[in-house]
1. Quick check: residue separation of Ile279 and Lys222 times 0.36 nm, minus the Cα distance between them. What number comes out in nm?
2. Before rounding to the nearest 500, sum -39500 (n - 2.57) across all DSSP H runs of length at least 4 in the chain and divide by the residue total; then give [θ] at 222 nm in deg cm²/dmol.
3. Which distance in Å, rounded to a whole number, links the C-alpha centroids of the stretch 359-438 and the stretch 331-348?
4. For Lys5, what residues show an amide H to amide H distance below 5 Å, using hydrogens built from the backbone and excluding near sequence neighbours?
5. May I ask you to evaluate 6.51 cos²θ - 1.76 cosθ + 1.60, the Karplus curve with θ = phi - 60°, for each residue of the stretch 258-263 and list the ³J(HN,Hα) values in order in whole Hz, giving x for glycine and proline?
6. Please list the non-local residues whose amide H lies under 5 Å from the amide H of Ile377, H modeled 1.01 Å from N, same-chain partners needing a gap of 5 or more.
7. Looking at the chain, what % of its DSSP beta bridges pair antiparallel, to the nearest 5?
8. If a helix is a whole DSSP H run, which ones in the chain reach 24 Å or further along their own axis (Cα) and hold a mean Kyte-Doolittle hydropathy of at least -0.5?
Amino acid sequence: MKISKLHIEQYRHLENLDFDFTYPLDYKDKAKAGKPLDKICFIGQSATGKTGLLELIYEQVCNLHKAYKYEDKNNFSNEKNSDDYLSGIIDFSLGDINYKLKIEEEKKIPTVYYEILNQTLLNHNEDYQSQVIFDSKKPSSYFKANLISEKNLEIFTKNPIDILEKYRDEVLNPKSELTNPNILFDDNVAPEIWLYLLNDILHYRKNFTQIMTELVHKGYIKDVEKFRFEYEKWQKVNPNVLEKVAFKLNPLFEKLNLAIDITNTEYSVPIKKKTTDEIIPIQNTSTGTKGLLLSFLPLFKLDTKDSIILIDEPERSLYPDMQMDLMDHYKKLAPEAQFIVATHSPFIAASFEPEERFILYFDAEGKVAVRRGESPIGDDPNDILKNDFGLEFLMNKKGLAAFEKFKSLKKQIAIEENEIVKDTLLTEILQLANDYKF
């Protein structure tokens with residue numbers, strides 16, 4: 001499922017906005033022309049509504065699932081305050097089917113249209129109990145900017161054995177799939193979600209502990225070769241699931257001089273320093289490392305095909321060199337998902353095609369307007385800041401004052417006749433040019 005269009009008549013402070021989330025018909029890749037964007041980037045100054053758009057899209061994805069999950073049609077109504085309620089139309093595409101949610105301001109109840117092979121059908125609210133036209137259980141996930149919290153990290157600080165003891169029923173009788181196809185990853189994610197995501201690892205840890213105990217009890221500890229033979233035989237049918245996790249996450253962790261350790265059993269996802277092999281408790285890692293683990297693990301575990309992944313401020317606490325490659329790593333984890341991010345980072349924005357960037361800005365009347373990006377993908381972040389972020393001067397007041405002084409000195413030296421004064425002015429000009437690279 002991918003979002004393809006959004007028309008906002010009214011949502012919070014946003015009015016009369018149209019978003020076309022499809023590749024232009026003259027797009028360079030003809031196979032994608034006219035189809036929903038693979039990834040979407042919202043940029044713009046604070047208070048323009050970037051985070052609000054993520055919340056709106058996630059809410060309507062939930063509405064689309066909710067409409068056909070329950071028999072009581074009232075579950076499709078929205079009980080929120082009118083200020084937070086969308087009045088408008090939002091289009092989603094799933095395969096050959098287009099789902100159009102038209103939301104009327106007065107009724108506060110969405111009406112669902114859907115199109116199949118160019119035939120438009122109307123699903124009236126009164127009749128939809130007997131219709132099931134949206135049966136996708138693909139999870140869509142929304143990673144909020146406050147994802148990194150002690151509550152979310154708690155389960156990663158515990159030994160797998162302690163987790164098994166505390167959550168024995170959940171681990172021994174895992175759910176085959178999540179009840180809710182949409183997951184909000186905020187600062188208070190339910191432990192059951194993390195247990196679901198860690199289940200394969202915890203089961204491997206449990207089985208590993210059992211086989212080690214059995215081999216010790218059989219006395220194989222005295223015969224190293226026999227011990228190794230029996231363990232390797234067991235491991236052939238019980239592969240270490242952490243190897244797959246490490247294969248996906250280590251390329252990004254490498255820039256942090258870190259790696260997932262596949263042999264340590266102290267934590268469910270042990271992290272080590274590459275130079276010393278020292279295991280580092282997750283609570284002692286950087287904020288950026290914590291955020292990567294909390295966002296990468298869900299994308300590794302969940303079936304993200306045809307799903308929408310929303311991320312607010314993916315750049316949080318990451319050095320620019322990490323930000324430049326971040327979207328590539330996300331796409332490798334979930335290649336068939338549609339990513340939608342809101343960012344203040346030109347390094348993140350540079351990972352998107354200009355057609356995939358949507359710049360929110362205040363027009364002459366003080367209302368929020370939207371335009372597409374200009375800079376090509378991979379452009380210099382300074383050009384992105386100028387062309388798409390609309391920041392013409394990238395210096396603070398002191399830098400601008402130095403630039404004005406630099407220009408003034410150049411004018412002054414051009415008309416100065418006293419050679420001693422000219423030498424003094426030249427020295428000042430060269431010093432400013434060297435300091436500020438004018």
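Every read-out reported here was derived from the displayed coordinates using simple, explicitly stated rules and does not represent laboratory data. A quick note: this is a predicted structure, and the numbers were derived from the prediction, not measured. Ideal geometry is used to build each Cβ from the backbone, glycine not excepted, and the neighbour counts take in all protein chains shown.
1. Values: separation 57, 0.36 × 57 = 20.52 nm, distance 2.82 nm.
Between Ile279 and Lys222, full extension yields an extra 17.7 nm.
2. -12000 deg cm²/dmol
3. Comparing the Cα centres of the stretch 359-438 and the stretch 331-348, I get a distance of 31 Å.
4. Phe21, Asp91
5. Once rounded to whole Hz, the list reads 10, 7, 6, 8, 8, 10.
6. none
7. Close to 70 percent.
8. 50-69, 191-217, 397-415, 419-436
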